[in-house]
Amino acid sequence: MSFFDPNAYVKRLERLVEVCRNLGKSEDVKHLLQQVVNAACDLTGSQYSFLFTYEQETDLLKIVAGPLENRDALARVRVPIEKSLTGSVYSKSRSITINNAQSDPRMFHDMERVLRYTTQAICAVPVIFRGKTIGVLETVNKRDKSIYNEDDLIILETLASQAAIAALSTSLIEETENAYTEAKELDQMKNNFIAIASHELRTPLGLVLGHATFLRELISDEQQRSQVEIIIRNATKLKTIIEELANINGYQTGSARFRVKTVPINALIQKICEQFYEQACQNNISLQTNLLTQEIQIEGDEEKLVIAFSNLIKNALIFTNPQGHVVVSIEQLPGFVQISFDDDGIGIPENELHKIFTRFYQVQSHLTRKHGGMGLGLSATKAMIEMHKGKIWVESVEGKGSKFTVLLPISAQHNTMRP
Ligand code: ADP
């Protein structure tokens, strides 16, 4: 007759809590499941413990954790779902304790042969996750030859439920990590493709542009000249796309060329705006500038700044309806110059705002929208501003307009407004 020892009982519960707490820290599934069977063995005072899961290919149960010293031999064992004790726990999803196992007709003897033992008693519980049985946790033979009781069952059920949650969350983490690695590899392939394509296209396009420009000078016939103008205009558009691709890629891979010189920002903005007055006028949009009274110099790559600012003005004009307004303003802040591009155009839906600086992203589908473009302008702009250690952000209200703001550091020697 066994007597109830409250101290031993509390100790077992303490161990159970400790084991469950540690399960959450396990980094890989295999290690975690091994910890579960070790704890099951230990806490129930059993000779062996096994964890089985269902194997789809064979429609049998396989051992995923058991005594470590027999791991290889046990890995080959398969237990039928019908006509085995373990199988009946799995298929009926019901726990069992059997203390005279040899007289049970469902007894399956393969594991006894591998480990060379005779089963006297078995305690087995289903491993259930979200109502679905995914395996069986089983202990065999009490070391002190006593029988399995309700406490053993509770311990196994607790361990089984912890194992199910921990194993599933671990495998979810593994799946997420694998998906992330795959996405990273694909991203790398895309970067490589963009780098190769933009590099290979640059040279022939440069030749087309160079020869067409040369031809334009030689041709006196007006009609022929306008044909050559079309070639030059479209080749220049292609060049911009290639430059944008190369710039974004160069920024992401750290290989972008950066030709620094002192740039007068007031004059630069004025020059860029002048190039857009005609387009603004044609679309019946007012394009205004609020420049500084005193020039500010920054250290930067003028060509890249021209592309970045031009993109912002170009977009403001594209996404503003006739009779609309676009205002470009410069403001000096301590250590920085702030340039804002304000329009009262169509605006950007709030849920799209965080995506517009992403490469190839366009608010309207490429197929349904009225304007051309590849969704590269803003990501290239952001890349170029960040190359200058600057920042760019957008505020917008759909139907009311958008405001893009660029903040660029002023180099120390030019900073007349120290904080
Ligand atoms: P694209 O050159 O294809 O227009 P961009 O990267 O320049 O690509 O812009 C991405 C998207 O952001 C655009 O398709 C447009 O939907 C939105 N967008 C950019 N600027 C504005 C603006 N000033 N007003 C409204 N929408 C804008």
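Which pairs, out of 237/304; 271/314; 355/391; 11/142; 261/403; 314/382, put more than 20 Å between their alpha-carbon atoms? If you can, show how the numbers build up before the last one.
Details: 237/304 16 Å; 271/314 14 Å; 355/391 16 Å; 11/142 18 Å; 261/403 28 Å; 314/382 15 Å.
Where the Cα-Cα span goes over 20 Å, the pairs concerned are 261/403.
Rounded, prolate or oblate: which one fits the range 1-120, using the alpha carbon gyration tensor with axes a ≥ b ≥ c (rounded when a/c is under 1.5, else prolate when a/b beats b/c, else oblate)? All intermediate terms of the calculation are to be shown ahead of the outcome.
Numbers: a/c = 1.85, a/b = 1.25, b/c = 1.48.
Cα axes put the range 1-120 in the oblate bin.
Rounded to the nearest 10 degrees, what's the angle between the helix 222-253 long axis and the longest principal axis of the chain, both from Cα atoms, 0 to 90?
For 222-253 against the chain, the angle is about 40 degrees.
Would you mind checking which residues have amide H under 5 Å from residue 348's amide H? H placed 1.01 Å from N; only 5 or more apart, or other chain.
397, 398, 399, 401
Pop out the ³J(HN,Hα) list for the range 150-157 in order, Karplus 6.51 cos²θ - 1.76 cosθ + 1.60 with θ = phi - 60°, rounded to Hz; leave Gly and Pro as x.
Per-residue couplings from phi come out as 4, 4, 4, 4, 5, 4, 5, 5 Hz.
Sorting check: for 316-327, 204-215, which peptide has the highest mean count of neighbouring beta carbons within 10 Å, and how do the rest follow?
On the way: 316-327: 17.9, 204-215: 13.7.
Ranking, from highest mean packing down: 316-327, 204-215.
Got a sec to turn the phi values of the range 183-190 into Karplus ³J(HN,Hα) couplings, 6.51 cos²θ - 1.76 cosθ + 1.60 with θ = phi - 60°, whole Hz, x for Gly and Pro?
Running phi through 6.51 cos²θ - 1.76 cosθ + 1.60 with θ = phi - 60° gives 4, 5, 5, 5, 4, 4, 4, 5 Hz.
At 7 Å along Cα-to-Cβ for each site, give me the label-to-label distance between residue 225 and residue 174 in nm.
Label at residue 225, label at residue 174, 7.3 nm between them.
Looking at the chain, send over the antiparallel percent of its DSSP beta bridges, to the nearest 5.
Numbers: 52 of 57 bridges.
Of all bridge pairs located within the chain, approximately 90 percent are antiparallel.
Using modelled amide H (1.01 Å from N, peptide plane; none on Pro or chain starts), what sits under 5 Å from the amide H of residue 46, excluding residues fewer than 5 places away?
Amide H to amide H, under 5 Å and 5 or more residues apart or across chains, residue 46 pairs with 143.
If we sort 69-79, 294-304 on the protection proxy, mean other Cβ atoms within 10 Å, highest first, what's the order?
Values: 69-79: 14.5, 294-304: 18.0.
Sorting 69-79, 294-304 by mean packing, highest first, produces 294-304, 69-79.
Please get the size of the charge dipole for the range 6-175, origin at its Cα centre, with Cβ charges of +1 on Lys and Arg and -1 on Asp and Glu, quoted in debye to the nearest 20.
Numbers: 21 positive and 22 negative charges, 55 e Å.
Around 260 debye, computed over the range 6-175.
Return one number: the angle in degrees, 0 to 90 and rounded to the nearest 10, between the long axis of the Cα atoms of helix 377-387 and the longest principal axis of the Cα atoms of the chain.
Helix 377-387 and the main axis of the chain meet at about 90 degrees.
Given the C-alpha atoms of the chain, compute the convex hull and give its volume per residue in Å³.
Numbers: hull volume 106.9 nm³, N = 419.
Output value, Cα hull per residue: 255 Å³.
When only C-alpha pairs under 8 Å and at least 6 residues apart count, what is the relative contact order of the chain, in percent? Please report the intermediate quantities before stating the final value.
Details: 656 pairs, mean separation 42.9, N = 419.
The value is 10 percent.
Order 329-335, 28-34, 381-387, 83-89 from most to least packed using the mean count of other Cβ atoms within 10 Å.
Values: 329-335: 14.6, 28-34: 17.3, 381-387: 22.0, 83-89: 20.3.
Sorting 329-335, 28-34, 381-387, 83-89 by mean packing, highest first, produces 381-387, 83-89, 28-34, 329-335.
Summing -39500 (n - 2.57) over the DSSP H runs of n ≥ 4 in the chain and dividing by its residue number, what mean residue ellipticity at 222 nm do you reach, to the nearest 500 deg cm²/dmol? Before the final figure, lay out the partial values.
Details: 10 runs with 200 residues, N = 419.
That comes out to -16500 deg cm²/dmol.
What list of ³J(HN,Hα) couplings, whole Hz, do you get for the range 309-314 from phi and the Karplus terms 6.51, -1.76, 1.60, once you set θ to phi - 60° and write x for glycine and proline?
The phi angles translate into 5, 4, 4, 5, 5, 4 Hz.
Angle check, please: helix 6-23 long axis (alpha carbons) against the longest principal axis of the chain (alpha carbons), in degrees 0 to 90, nearest 10.
So the inclination is approximately 30 degrees.
Would you mind calculating the relative contact order of the range 34-123 from Cα pairs under 8 angstrom and at least 6 residues apart, reporting the percent as a whole number?
Numbers: 116 pairs, mean separation 17.2, N = 90.
After rounding, I find 19 percent.
Given H placed 1.01 Å from N in the peptide plane, which residues other than close sequence neighbours of residue 359 have an amide H under 5 Å from its amide H?
Correct list: empty.
Readers should treat all values here as calculations from the given coordinates under stated rules, not as data from a laboratory. Just so we're clear, the structure is a prediction, and the values are computed from it rather than from any experiment. Don't worry about glycine lacking a Cβ; one is built from the backbone with ideal geometry, like all the others, and counts go over all protein chains shown.
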